4 protein chains.
Amino acid sequence: MSFMTFQETDLEELVNATRFLAAKGKVATYIPELARGNPEILAVAAVDAAGTLVSAGDRDVRFTMQSISKVVSLSLALMELGEEEVFRKVGMDPTADPFNSVMRLEMIRPHVPQNPLINAGAIVIDSMLPYADPEKAFCAVRDMARRLAGNPRMRENQAVYLSEKRTGDRNRSLAYFLKSVGTIKADVETILDIYFRQCSLEVTVSDLATLVATLSMDGRNPRTGEEVLPPSVCRIVRALMATCGLYDGSGAFAVRVGLPAKSGVGGGIVAAVPGVMGIGVCGPALDQQGNSIAGIALLERLSGRYGLRVL
Amino acid sequence: MSFMTFQETDLEELVNATRFLAAKGKVATYIPELARGNPEILAVAAVDAAGTLVSAGDRDVRFTMQSISKVVSLSLALMELGEEEVFRKVGMDPTADPFNSVMRLEMIRPHVPQNPLINAGAIVIDSMLPYADPEKAFCAVRDMARRLAGNPRMRENQAVYLSEKRTGDRNRSLAYFLKSVGTIKADVETILDIYFRQCSLEVTVSDLATLVATLSMDGRNPRTGEEVLPPSVCRIVRALMATCGLYDGSGAFAVRVGLPAKSGVGGGIVAAVPGVMGIGVCGPALDQQGNSIAGIALLERLSGRYGLRVL
Amino acid sequence: MSFMTFQETDLEELVNATRFLAAKGKVATYIPELARGNPEILAVAAVDAAGTLVSAGDRDVRFTMQSISKVVSLSLALMELGEEEVFRKVGMDPTADPFNSVMRLEMIRPHVPQNPLINAGAIVIDSMLPYADPEKAFCAVRDMARRLAGNPRMRENQAVYLSEKRTGDRNRSLAYFLKSVGTIKADVETILDIYFRQCSLEVTVSDLATLVATLSMDGRNPRTGEEVLPPSVCRIVRALMATCGLYDGSGAFAVRVGLPAKSGVGGGIVAAVPGVMGIGVCGPALDQQGNSIAGIALLERLSGRYGLRVL
Amino acid sequence: MSFMTFQETDLEELVNATRFLAAKGKVATYIPELARGNPEILAVAAVDAAGTLVSAGDRDVRFTMQSISKVVSLSLALMELGEEEVFRKVGMDPTADPFNSVMRLEMIRPHVPQNPLINAGAIVIDSMLPYADPEKAFCAVRDMARRLAGNPRMRENQAVYLSEKRTGDRNRSLAYFLKSVGTIKADVETILDIYFRQCSLEVTVSDLATLVATLSMDGRNPRTGEEVLPPSVCRIVRALMATCGLYDGSGAFAVRVGLPAKSGVGGGIVAAVPGVMGIGVCGPALDQQGNSIAGIALLERLSGRYGLRVL
């Protein structure tokens, strides 16, 4: 696919036609700092195999990656530890449980999170990162995010990080459960600190589009040319995005959009068109599953209009 | 993709190299008649957009579709009733519960099966089919299967049907639960009869390959040329296959093979390469999730060698 | 305790003071024939160690035992098979799940009902009864009920039995689940037929009071003088009544009334004062847990006024 | 009952005849400090209505109350806040879930622990105690325990307290879950500190026997003569002990022993014979439900030999 038929004026038009949907959703409130997000924001960017970037809407707005960062830490863990090691402590199963469910952890033996894209799984991934101290572990995740996005200045939003750290009691419950059954060994607050920091990494839709374009292009960042990840890691990450990327909304997203994707409660979504391009959207008003309501609609329209779906 | 690089000699070689894996699995025993299956069988067939058929291994062996028939009845229901009507009584959520779990049905309100590709969902789909009597409903499913597979002589295996009818107590438990909460209205044994009959439809890997090629080609059977289904139905079915097609093995299958697929305990699997081809395999020895152990391995090798994966 | 301070005029007064509570409950509707019950009925009877019977309120009203019959079939099974045999297929655990929950059956291995006083447990008990055919099994249960109650004319209510048989789909779901995991071996409809018939046994509060007085007196019917059960069986039955007799209302009942008891959706409750007396009440208007709302209140007042509680 | 037939020589004989059963159990290991307990210890004490104390076996051994302290904090909360206030945040339902299950908390709405005698419930109780600071709250619990047991020198075992504080991750998981859903408002570690401290209160079997004799005698300590609790509080506590006191072993205990009781993983059990006496036992070797294996057997024999059961 060339970008000749995928022009910014088309994107702008799509954004304008979709923006009204935000009124049907709600900005996440469980992290107080996120509750300040502007629900009317809508932005999109796409990066193709040649590294061409197009964007539209509120393209300069910065927001936090939140759960999209799970894709980053998973990629890092797979590269550093290998598939076998990673999947001894976390499953590959899709799930219709909410992203922060404790229940299944307890019900299933061994007590292993179902997949690395739910909170419990991402916490386990962070607990496995092979670095000398938590600062180094976080920096490794941030560095991976920077290289995937081709943005060496990406950094945390301190206010969101601190807000989440203060209020992240469900994540503490998950992590202490995992500790109590021996699935994680390290200090819980230390692990959660890495997790809360990576969730607060601040991006634009262009960052997201480049990040997921790199995953789409089997690990080669199409804007910087850097080989960030091996193809085998990208295949695993894309497959898990396709089956587990939007929590209990994953099935409906596959039907509507037909692309591997990952959402965050900050309103961002990344979607991969393998071999072709990466797309990032942002719309902070969320649906009941915690996914950007206008963001999904925008991706559905893009996917439909340009025949992007792979499913 | 043309089939010039996808020749029967290659397929034969792959089948021979993979067959030994069957020893690690077990033939399904919960349906007595299935327990007679030969665990060493392995067969594959593929049909491309032009309708060319290639096959290898035990290509003439006949086996029952079992859960692969859920794809057929879902397609029929979507065509006859429309997406909105169908998804009022069944969800689109992937699940890591076994295919015959009652638990989640009870836990979640409304008591709606998570998706149409688990047993409870398929039973609900059968209960919705808009036909005057169960005989007509079954014939409509069979006819849809025949047209998708381009095989007007496809018929039930009476012994398997009767065996399943005699022993299908877990399915009865599911169906009576659904009846008790009002999700299905019709007589339970009548609905189950349709379900058991469609599961016993007998096919070869060539039938499966054609059937799923039709879904891959947006509804046009590439061997008969018939427009069997509208593209919108095929997109829904393929998306659900990608997220829910192999029960709690769906995530691992997406990682290993990267294609929408659906398995049956008879040992069959159908895999769609959208726009390109359909692949059918059969190997009755199953893994712990109830999926063909050698069949998955064969699809993984095919997908890897020929770059078929879409995820 | 003598009955000198426990006179019918007192009982009448209590009944009259409590009757208004029925307005806060609802007659069971899931069995259509039960829905015809008069919600304003309230009756009580007590039988002491000497066999003296006192009663008050709508004492002549006949109603069906429903789940109170589980006490009868459990007693029979314990006497015929022994404690060890019975508790290999059913647990002794209290539960806060509703009486007809499938979920826990599936979650816990081995798939054994938690106790014999929930529906799944009572169905398993019926499946164990060592009789040549279902007619004989039912007659043995009915005969046990007659001897416990000292009423040789007790019989089924055909309309309720047939109504329950027609609509008992949740019980079918439970029974087929138990069959599918091998916990019950016999034909499901045959077992359920015994179960539905015993539930429909028709009684008055005097029957109930005598029945539970026999359990209170360690198996000796204080009105007929017959030794119906050994003391060891009565101890087991009373203990299970105390912990599991009112489903998820068992804890609150223990707090309010302090006596071993068993309720039925027909509105009846039996309460044992071990060594002292048996009490039967009936009030068809039920609370949210399916227990007689005015019946519990009446027992609470009786227990409080006369110092009957044992907990 | 007088103690004329309940002499220390009889108790000694029972202890000696029962001690061998300890070999079938295991000392709790999840709290490292408890793992040092001597599994062969067995001791019993009883206090009657007149305040007479008899004891036998390892009567001088000191051990920690652990979950038996839940009875103390519940009594305190009921006295200070009243029944209505307490049961707005915690249920009265028996449960067959293990004492530290998170699952049910999540499944049921409102997210309220099922009863105050499981860990989650006891943590909620501690969070409700109306004191200015955690030190005062703990001292109030300790003071209640001292008055119930008539032992003004009762104090914490620092080593056990610190061991539990270090390793109590499952309790942290429960508490953070309760915080995340708003059931508890206060700081989690502060609440848990009270909880871990009360669990570490050190007692002998004589302390336990007096403590539960006070509950048996409707709140009047039969050794000190002090009116510690109102009768209404004692009735509630005894009823909950009968239905929920031994977790998923509550039903079997009711069958075998027939008395309201509460166990702790330190090996202690208290059993109430309402109006008659209180019994304390200690045997650190536990069965699979976490209850003293020889302790239960000793209570069963005592209850059987002296006709103590109330159920």
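Since every read-out is calculated from the coordinates, none of them should be taken as a lab result. The shown structure was predicted, so the numbers you read here are calculated from the model rather than taken from an experiment. Ideal geometry is used to build each Cβ from the backbone, glycine not excepted, and the neighbour counts take in all protein chains shown.
Considering all C-alpha pairs of segment B:245-298, those separated by over 18 Å amount to 19%.
The mean number of partner chain beta-carbon atoms within 10 angstrom of a residue's beta-carbon across peptide D:162-175 is 4.
Quick one: net charge of B:MET154's neighbours, Cβ under 11 Å, K/R +1, D/E -1?
Numbers: positive: B:ARG62, B:ARG142, B:ARG146, B:ARG147, B:ARG153, B:ARG155; negative: B:ASP143, B:GLU156, B:GLU202, B:ASP207.
It works out to a net charge of +2.
With neighbours defined as other Cβ atoms within 10 Å of a residue's Cβ, the residues A:SER173, C:SER250, C:SER303 order from fewest to most as C:SER303, A:SER173, C:SER250.
Ascending distances from the B:LYS26 label point to its copies in the other chains, with the point 7 Å along the Cα-to-beta-carbon line: 2.7, 4.6, 4.8 nm. Just so you know, the Cα atoms of segment B:132-213 work out to an Rg and Dmax of 14.1, 41 Å.
Provide the net charge surrounding A:VAL54, with neighbours chosen by a C-beta distance below 12 Å and charges set as Lys +1, Arg +1, Asp -1, Glu -1. Show your work: numbers first, answer last.
Values: positive: A:ARG59; negative: A:GLU8, A:ASP10, A:GLU12, A:ASP48.
After counting each charged neighbour, the total is -3.
Under 5 Å from the amide H of C:LEU286 lie the amide H atoms of C:LYS26, C:VAL27, C:ALA28, C:ILE293, each residue being 5 or more positions distant or on a separate chain, with H modelled from the backbone and absent for Pro and chain starts.
Please rank A:ASP187, D:ASP287, fewest neighbouring Cβ atoms within 10 Å first, as an exposure proxy.
Final ranking by Cβ density, sparse to dense: A:ASP187, D:ASP287.
Enter the mean projected area of the convex hull around the alpha-carbon atoms of chain B, in nm², rounded to one decimal. Let's see the in-between values first.
Details: hull surface 54.3 nm².
If I average the Cα hull's projected area over directions, I get 13.6 nm².
Taking trypsin sites (Lys or Arg not before Pro) as exposed when DSSP calls them loop and at most 10 other C-beta atoms lie within 10 angstrom, chain A has its longest site-free stretch at A:1-152.
How large is the helix-only mean residue ellipticity at 222 nm for chain A, computed as the sum of -39500 (n - 2.57) over DSSP H runs with n ≥ 4, divided by its residue count, in deg cm²/dmol to the nearest 500? Intermediate results must be reported in sequence, preceding the final value.
Numbers: 13 runs with 140 residues, N = 311.
After summing the helix terms and dividing by the residues of chain A, the value is -13500 deg cm²/dmol.
Distances between copies at C:ARG155, taken between label points 7 Å from Cα along the C-beta direction, are 5.3, 7.6, 9.0 nm in increasing order. Mean partner shielding of peptide D:179-190, defined as the number of other chain Cβ atoms within 10 Å of each residue Cβ, is 2. With neighbours defined as other Cβ atoms within 10 Å of a residue's Cβ, the residues C:VAL44, D:VAL188 order from fewest to most as D:VAL188, C:VAL44.
Mean projection of the alpha-carbon convex hull of the protein assembly as shown over all orientations, in nm²?
With every direction weighted equally, the projected area is 47.3 nm².
Among the residues of A:231-240, the average count of other protein chain beta-carbon atoms within 10 Å of the residue beta-carbon is 4.
Here segment B:67-199 is treated as a Stokes sphere of Kirkwood radius computed over C-alpha pairs; at 37 °C and 0.692 mPa s its diffusion coefficient rounds to 222 µm²/s. Taking the longest Cα principal axis of chain A as reference, the axis of helix A:169-180 is set at about 40 degrees. If Lys and Arg each add +1 and Asp and Glu each add -1, what is the summed charge of the other residues whose beta carbon sits under 10 Å from the beta carbon of A:ALA213? Net of charged neighbours comes to +1.
Remark on C:GLY268: its backbone amide H falls under 5 Å from those of C:GLY283, a criterion applied only to residues 5 or more positions apart or on other chains, H modelled at 1.01 Å from N.
Between copies, C:PRO231 shows label-point distances of 2.9, 8.2, 8.4 nm, shortest first, with the point placed 7 angstrom from Cα along Cα to C-beta.
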